[in-house]
Structure formats: structure tokens, C-alpha cells
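**Student:** Pasting a structure here, questions to come.
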Amino acid sequence: RIRKVNDRLSVATQPPLEAFAEIAGLGFKSVINNRPDGEEATQPDSASEEAAARQHGMDYRQIPIRSGAIGTDDIEAFQAAIADMPGPVLAHCRSATRSLNLFAIGEVLAGRMRSADLGPLGERTGLDLPGARNWIAHFHPDKA
């Protein structure tokens, strides 16, 4: 399931390799994979995803994040990828929540969103963002 965050970014659950043609057909120009290889036995590995993305004319980047282990470097890498890659960009993880958390935390830290905006963003996308709220409160209480 694809959830539109804004005109530049959408987030999704893990797509099967055969869905990459459809993803390109929907107009996506880039894919960001936020899953580490081997997180689940049934997920495609990053090399296979990259091959599928490139086969269908899309740019690809893996920024692997273990669930519950987002770091500042991860947030910066995600923000840079969104800015640098051709858009629109589809970021995915197992449930789409990790990818949305990366985006939301980065936007709050950059001052483009406030912590108060996390609730409405979660409601609009159908994803709860307690991970983003907790991360900001713990590491940047001045922005909470």
C-alpha cells in the first residue's frame, strides 16, 4: 500500500519485485529501501531491488534502519536522498512506518514541521508516529 506524504515523497510497505514495473508506471522516479537485508526471510535483498528499480528506469538507494534504531546519520541520509534523487520518491520498509518516521523527524529537526504536526500527518497517512514523537522528545526535547 502506497501512502502519499507530499508531492515529492510517498511511503509504502515492502513491495514484491514484480511490483517495481507498476511503481514506475505510477510515475515514481526513485526508490529508497529502509530495510536491512535479512530482516525477514521472504523479503527481497537490496541488490535484487536495485536491479528491479533500474530495470524500470528508477534510481535506487538503500538506507537500512533496524526497527527502533533510528540515528541522526540515518535521518540526514534520508533527507539528503529525498533532496538528491529524482522525484517523486517512494520510500519503503516493512510497514511504511519506519520510512515515515525518518521523514517526520527530519522535517521537525529542519524546522519545516513542528512536533504538533506529527499527529495530523499520522492521521492523513494512516500511520501512527509515536516513534517520531519519542525520538524527538529524547534527543531534541527543545523541539518536542
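**Student:** Return the total of residues in the stretch 61-98 being of a type in the set (K, R), assigned to a loop (DSSP other than H, G, I, E, B) and over 20 Å from I136 (Cβ atoms). Can you show your working first?
**Tutor:** Kept after step one, since they are of a type in the set (K, R), are these residues of the stretch 61-98: 61, 66, 94, 98.
Filter once more, keeping what is assigned to a loop (DSSP other than H, G, I, E, B): 66, 94.
Going one step further and asking which of them are over 20 Å from I136 (Cβ atoms), we end up with 94.
Final tally of qualifying residues: 1.
**Student:** Just wondering, is there one or more residues in the stretch 11-27 that are under 19 Å from N101 (Cβ atoms), in contact with a Lys or Arg (Cβ under 7 Å, 6 or more places away or on another chain) and not β-branched (V, I, T)?
**Tutor:** yes
**Student:** Looking at A91, A104, A96, A81, can you tell me which residue is in contact with a Lys or Arg (Cβ under 8 Å, 6 or more places away or on another chain), in contact (Cβ under 8 Å) with a residue 12 or more places away in the chain and under 16 Å from R3 (Cα atoms)? Lay out the reasoning, then the answer.
**Tutor:** Numbers: A91 fails: in contact with a Lys or Arg (Cβ under 8 Å, 6 or more places away or on another chain); A104 fails: in contact with a Lys or Arg (Cβ under 8 Å, 6 or more places away or on another chain); A81 fails: under 16 Å from R3 (Cα atoms).
Exactly one residue qualifies, and that residue is A96.
**Student:** Which members of the stretch 107-144 meet the condition of being on the phi > 0 side of the Ramachandran plot and touching a residue at least 24 places away in the same chain (Cβ under 8 Å)? Reasoning before the result, please.
**Tutor:** Taking the stretch 107-144 as the starting set, the residues that turn out to be on the phi > 0 side of the Ramachandran plot are 111, 126.
Selection gives G126 alone.
**Student:** In contact (Cβ under 8 Å) with a residue 12 or more places away in the chain, part of a helix (DSSP H, G or I) and within 19 Å of I136 (Cβ to Cβ) - does that describe any residue in the stretch 23-41?
**Tutor:** no
**Student:** Which numbered condition trips up T72, out of (1) surrounded by fewer than 21 Cβ atoms within 10 Å (Cβ to Cβ); (2) within 14 Å of the chain's Cα centre (by Cα); (3) polar (S, T, N, Q)?
**Tutor:** (2)
**Student:** Can I ask one more? Determine whether the stretch 41-54 contains at least one residue that is of a type in the set (A, V, I, L, M, F, W, C) and under 16 Å from N101 (Cα atoms). Don't jump to the end; show me each part of the working.
**Tutor:** Residues of the stretch 41-54 of a type in the set (A, V, I, L, M, F, W, C): 41, 47, 51-53.
Of the ones still in play, those that are also under 16 Å from N101 (Cα atoms) are none.
Checking the stretch 41-54: not a single residue is of a type in the set (A, V, I, L, M, F, W, C) and under 16 Å from N101 (Cα atoms).
**Student:** While we're here: Sort out which residues of the stretch 115-136 are open to solvent by 50 Å² or more (accessible area, probe 1.4 Å) and either among the β-branched types (V, I, T) or in a helix (DSSP H, G or I) (or both), and write them in order of number. Quick ask: steps written out before the conclusion?
**Tutor:** Kept after step one, since they are open to solvent by 50 Å² or more (accessible area, probe 1.4 Å), are these residues of the stretch 115-136: 116, 120, 123-124, 126, 128, 130, 133-134.
Listed by number, the residues that qualify are A116, P120, E123, R124, P130, R133, N134.
**Student:** Could you tell me which of the residues A51, A19, A47 is on the phi < 0 side of the Ramachandran plot, out of contact with any Pro (no Cβ under 7 Å at 6 or more places or on another chain) and open to solvent by less than 40 Å² (accessible area, probe 1.4 Å)?
**Tutor:** Values: A51 fails: open to solvent by less than 40 Å² (accessible area, probe 1.4 Å); A47 fails: open to solvent by less than 40 Å² (accessible area, probe 1.4 Å).
Just a single option satisfies the conditions, and that option is A19.
The values are calculated or read from the model by the stated rules, or taken from the named source; none is laboratory data. These numbers were taken from a predicted model, which means no experiment stands behind them. When we count neighbours, we look across all protein chains shown, and the Cβ atoms used for this are built from the backbone with ideal geometry, even at glycine. Heads up: the accessible areas ignore ligands, DNA and RNA and are worked out on the full protein's heavy atoms, side chains in. Shrake-Rupley method; radii C 1.70, N 1.55, O 1.52, S 1.80 Å.
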